[in-house]
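Computed from the coordinates by the stated procedures, all read-outs in this text should not be read as laboratory data. Treat the numbers as computed from the prediction; the structure is a model and nothing was measured. Glycine also receives a Cβ, built like all others from the backbone with ideal geometry; neighbour counts cover every protein chain displayed.
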């Protein structure tokens, strides 16, 4: 009888071990599948040039972003947020001026899909001159936000945060900008609302550019 009990105990232990190993293998396979299928959006190149003055106190810059999906599934709700950091201090504390992140809808990309995307941004001429005189250029903060059409990533929103530096130069008698990527961070969020814009303060701090929060536009490199 004892021999039978020992055999029965060994069989139970074997099945328990097999069950847990199977679970671990399933979770590992699911993680690997999610990682492989996650859409990864990157900006491969940026071109920028001066367009024209929109008003007496503003200037306009045209941007062309080369965006690619380097992941394994198609994106949903692909959006690009952008802002020239300009800060002011009043009785309520530090505020963003003249505006917060501006968003633009981008065409969703399939795996290995690549798409040029063009926007324009206006900047106050005095702010541009001050930034150029102090830092030899201007900063642009960009956030790419997207979701996946694969159910393995249900409830997740992905973001790519970038701090860019635009240095004015001339090409073919036109003012263009050499665009340098200073910092980049990737984040995953759970169950955020589509209408919730990124927090410009948290984005700037997360990029290690907290000096911009206090009007310090000196170079970060």
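Could you calculate the contour length gain from residue 60 to residue 169, that is, 0.36 nm times the residue separation minus the distance between their Cα atoms, to one decimal place in nm?
Residue separation times 0.36 nm, minus the Cα-Cα distance, leaves 37.7 nm.
Multiply the residue separation of residue 51 and residue 68 by 0.36 nm, subtract the distance between their alpha-carbon atoms, and state the gained length in nm to one decimal.
This chain segment gains 3.6 nm when fully extended.
If we count other beta carbons within 10 Å of each Cβ, what is the order of 73, 169, fewest first?
169, 73
Between the stretch 123-150 and the stretch 165-221, what is the C-alpha centre distance in whole Å?
Rounded to whole Å, the Cα centres lie 5 Å apart.
Can you pull a Stokes-Einstein diffusion coefficient for the stretch 93-221 at 20 °C (1.002 mPa s), Rh from Kirkwood over Cα pairs, as a whole number of µm²/s?
Here the translational diffusion coefficient equals 128 µm²/s.
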